[in-house]
Amino acid sequence: MPLRVLLAEDNALLRQGLVRMLMDHPEVAEVRECASLEEVRAEVTAYGPDVVLTDLKMPPAHRDEGVVIGRELRLSNPGTGVVVLSNYLEAEHALALLADGSTGRGYLLKDRVGDVEQLVAALAAVCRGESVIDPQVVDELMRHQARSATSPIARLTSREREVLALVATGAANAAVAQHLVITQRAVEKHINAIFAKLELPIGVARDRRVSAVLLYLADSGARTLADPGRR
């Protein structure tokens with residue numbers, strides 16, 4: 001089903017460009033636009049979009065309005081997907097967006113908006129309840145893997161960390177297998193080993209997968225935030 005998108009961006013030129021680009025795509029039915037946190041709240045109530053594509057920083061404070069939207073809609077409109085766009089590798093905002101769960105949430109760098117297929121694929125994925133995390137954000141976190149001896153992530157082998165890093169980008173098992181040139185069965189074994197080593201309680205596989213991703217991002221993100229030279 002074609003997507004109904006609410007675009008939140010206070011830069012008028014970028015907003016207009018995104019509207020034209022999205023409306024030219026066959027998987028997008030409609031795009032409404034707004035430019036502030038309050039406008040997003042009003043439009044979500046009046047319009048009920050399938051997905052909100054929002055800048056990270058907008059009026060009134062230009063701080064983390066996109067994250068605020070993502071967390072508010074988790075409670076008020078749980079079926080609405082949210083993709084946050086950011087200019088920078090600000091790991092703390094990605095972690096905050098996913099703090100209440102990664103289902104139906106995405107965090108992309110604005111560099112991605114030039115590829116309409118990739119952008120629309122991300123919008124469609126969060127509408128399906130999946131999560132999409134920019135690979136560059138994950139790469140940045142992986143460059144800072146100085147972990148303490150007590151970190152549960154330190155229990156993983158290098159291959160298991162590779163698998164978990166790909167899962168953190170939103171990749172399904174088949175995509176992980178293709179990227180690492182291994183079988184899907186091998187990916188499943190690695191993921192089960194990750195669950196066991198991270199001591200995640202037995203339950204719904206999807207919930208355990210999300211918990212593993214959050215542990216990975218929180219562990220790696222703590223190192224990133226501690227290094228002011230990487231901001």
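The values are calculated or read from the model by the stated rules, or taken from the named source; none is laboratory data. Treat the numbers as computed from the prediction; the structure is a model and nothing was measured. As a convention, Cβ positions derive from the backbone with ideal geometry for all residues, glycine included, and neighbour counts pool all protein chains shown. Surface accessibility is based on the protein's heavy atoms, side chains included, excluding ligands, DNA and RNA. Shrake-Rupley method; radii C 1.70, N 1.55, O 1.52, S 1.80 Å.
Examine region 211-222 for a residue that is open to solvent by less than 30 Å² (accessible area, probe 1.4 Å), assigned to a helix (DSSP H, G or I) and modelled with pLDDT of 90 or more, and state whether such a residue exists. There is no residue in region 211-222 that is open to solvent by less than 30 Å² (accessible area, probe 1.4 Å), assigned to a helix (DSSP H, G or I) and modelled with pLDDT of 90 or more.
A count restricted to region 80-93 and to residues that are at pLDDT below 80, of a type in the set (A, V, I, L, M) and in contact with a Gly (Cβ under 9 Å, 6 or more places away or on another chain) stands at 1. Considering region 94-113, the residues that are modelled with pLDDT under 85 and under 22 Å from Val28 (Cβ atoms) include one that is least open to solvent (accessible area, probe 1.4 Å), namely Val113. Once region 157-199 is narrowed to residues that are part of a loop (DSSP other than H, G, I, E, B) and under 22 Å from Asp134 (Cβ atoms), the residue that is modelled with the highest pLDDT is Ala172.
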